[in-house]
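Read the figures in this text as sums done on the coordinates, not as results from a lab. Remember, it's a predicted structure, so these values are computed and weren't measured experimentally. Because the Cβ atoms are built from the backbone with ideal geometry, glycine has one as well, and the counts that use them run over all protein chains shown.
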Amino acid sequence: MEIRKFGSQGLKTSQLGLGCMGMSEFYGPGDDAESIKVIHRAIERGVTFLDTSDAYGPFTNEVLVGKAIKGKRDQVLLATKFGIVRDLTDPNLRSISGTPAYVASACEASLKRLDVEVIDLYYLHRVDPATPIETTVAAMGDLVKAGKVKTLGLSEVTPATLRKAHNVHPITAVQNEYSLWSREPEDGVLATCQELGIAFVPYSPLGRGFLTGNIKKFDDLAADDWRRLAPRFMGDNFQKNLNLVTKLEAFAAKKNCTISQLALAWVVAQGDNLFPIPGTKRMKYLEENIDALNVTFSKEELKELDTIAPKNVAVGNRYMEGAMKFINA
Ligand SMILES: NC(=O)c1ccc[n+]([C@@H]2O[C@H](COP(=O)([O-])OP(=O)(O)OC[C@H]3O[C@@H](n4cnc5c(N)ncnc54)[C@H](OP(=O)(O)O)[C@@H]3O)[C@@H](O)[C@H]2O)c1
């Protein structure tokens, strides 16, 4: 696995990361023991970039990742996030906070749950509309000065927010959704990251599992699966979006790869500054996803994929209504 320069603050990591969110919540039941084995196998295959958040579980995903990296801490670039405030009494309740007091307390809590002395990359998960980004990032910068985190990241930000933040403290990485059915970063964030020497971390590169061809009907989703509430998976939208999957499956068959590998390889092909973090809790998918690095495209093939999956090809928003106002902030 190729190790690359990650941002401009001295970090390096593998070109592919591992998203750990689904091991604890959102995409059907998980098995912690198996998830830990998946993380170990990822490290064995050279995947050194692990992604979690205090919001996943909530809270339990950080504990799981912390357990998995015991004795392996120095082998990984550990990234976590704060800012989406979960309520243990109701899994559906969320608020956003980026106040300096919350920044400090969230970091302490994550360090404890992860059981580490320092977080390599600490992201603001969502921008707090009630706190100026400069105030939040200055507080995050204090964590760097205190040695609690090494570098800073932002998630779901616009180029304008990114520039304001970067003026207060160097930003190492931006994590926004990017895949064959979510191409919004092409509207400016990718170019801004490139210009400022900031790593771009595409999240949900497999379209939250839709671009794997494994979800062909709504009832393929478990009763408590978060995607049942996501507009792209609901009602007519689901059927319409399957047209894209059918076309991608045909393309993958020509390339002798799986549709998951095609989707992931497309994200990888978008540049050396991109570090996608496909998520899985299964060994079989992990191996398949890492092997996607063997899939490359000619210019003609990339053009053909642009025709199959142009911007706005997906029917339906990425998030339900309440959450939409916190993305691209
Ligand atoms: N910053 C943010 O706001 C944000 C939002 C969402 C996610 N993320 C991060 O990004 C990571 C990745 O995103 P994601 O997990 O939402 O979506 P994803 O990587 O696009 O897709 C994950 C889904 O695809 C399935 N899958 C993975 N590989 C597969 C394969 N080869 N064949 C068939 N199915 C496969 C997984 O199944 P199993 O679960 O059964 O393994 C899971 O249901 C997350 O883990 C999280 O760390 C960040």
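Step through the residues of region 142-150 one at a time and calculate ³J(HN,Hα) from phi using the Karplus curve (6.51 cos²θ - 1.76 cosθ + 1.60, θ = phi - 60°), rounding each to whole Hz and writing x for Gly and Pro.
4, 5, 5, 4, 7, x, 8, 9, 8
For region 275-291, list residues with backbone N below 15 Å from a point placed 7 Å from the Cα of Asp31 toward its Cβ?
281-286
Taking the Cα centre of each part, how many Å lie between region 84-163 and region 185-214?
Here the two parts' Cα centres lie 20 Å apart.
Fully extended, how many nm does the chain gain between Asp236 and Asn317 (0.36 nm per residue separation, minus their Cα-Cα distance)?
Contour length minus Cα-Cα distance gives 27.9 nm.
Rounded to two decimals, what is the ratio between the C-alpha radius of gyration of the chain and 2.2 N^0.38 Å?
0.93
Arranged from highest to lowest average of other beta-carbon atoms within 10 Å per residue, in what order do the peptides 76-88, 242-254, 207-219 appear?
76-88, 207-219, 242-254
With runs of 4+ DSSP H residues as the only contributors, calculate the mean residue ellipticity of the chain at 222 nm using -39,500 (n - 2.57) per run, divided by the residue total and rounded to the nearest 500.
Helix-only estimate at 222 nm: -11500 deg cm²/dmol.
Over the chain, what is the relative contact order in whole percent, taking alpha-carbon pairs under 8 Å and six or more residues apart?
It rounds to 19 percent for the chain.
Give me the net charge of Met283's neighbourhood, meaning all other residues with Cβ under 12 Å from the Cβ of Met283; Lys, Arg count +1, Asp, Glu -1.
My count for the surroundings of Met283 gives +1.
Distance in nm between label sites at Ser105 and Asn243, each 7 Å beyond Cα in the beta-carbon direction?
Placing both labels 7 Å along Cα→Cβ, they lie 4.9 nm apart.
Rounded to whole Å, give me the distance from the Cα center of region 1-53 to that of region 264-318.
Using only Cα atoms, the two centres lie 17 Å from each other.
Could you pull out the GluC sites (Glu not before Pro) across region 79-167 that fall in loop regions by DSSP (anything but H, G, I, E, B) with no more than 14 other Cβ atoms inside 10 Å?
Glu117
Taking one equal scatterer on every alpha-carbon of region 1-150, how large is log10 of I(q)/I(0) by Debye at q = 0.13, 0.17, 0.21 1/Å?
-0.59, -0.99, -1.39
Kirkwood Rh over alpha-carbon pairs of region 207-329, then Stokes-Einstein at 20 °C and 1.002 mPa s: what D in µm² s⁻¹, rounded to an integer?
It comes out at roughly 138 µm²/s.
Can you pull the one-decimal nm distance between simple spin-label points at Lys284 and Arg73, each 7 Å off the Cα toward Cβ?
Simple spin-label model gives 3.6 nm for this pair.
Quote the charge dipole size of the chain about the Cα centre in Debye, to the nearest 20; the model charges only the Cβ of Lys and Arg (+1) and of Asp and Glu (-1).
260 debye
Excluding Ser110 itself, calculate the net charge of residues whose Cβ lies under 14 Å from the Cβ of Ser110, where each Lys or Arg counts +1 and each Asp or Glu counts -1.
-1
Compare the Cα positions of Thr131, Ser8, Ala173 along the charge dipole of the chain (+1 at Cβ of Lys, Arg; -1 at Cβ of Asp, Glu; about the Cα centre) and return the one farthest towards the positive end.
Of the candidates, Ser8 comes out farthest on the positive side.
Determine the equivalent ellipsoid of region 1-61 by diagonalising the alpha-carbon gyration tensor, then write out the semi-axes as square roots of 5 times the eigenvalues, largest first, rounded to whole Å.
24, 15, 7
For Met1 and Ala253, FRET efficiency with R0 = 25 Å and r from the beta-carbon atoms, rounded to 0.05?
The pair Ala253/Met1 has a calculated efficiency of 0.40.
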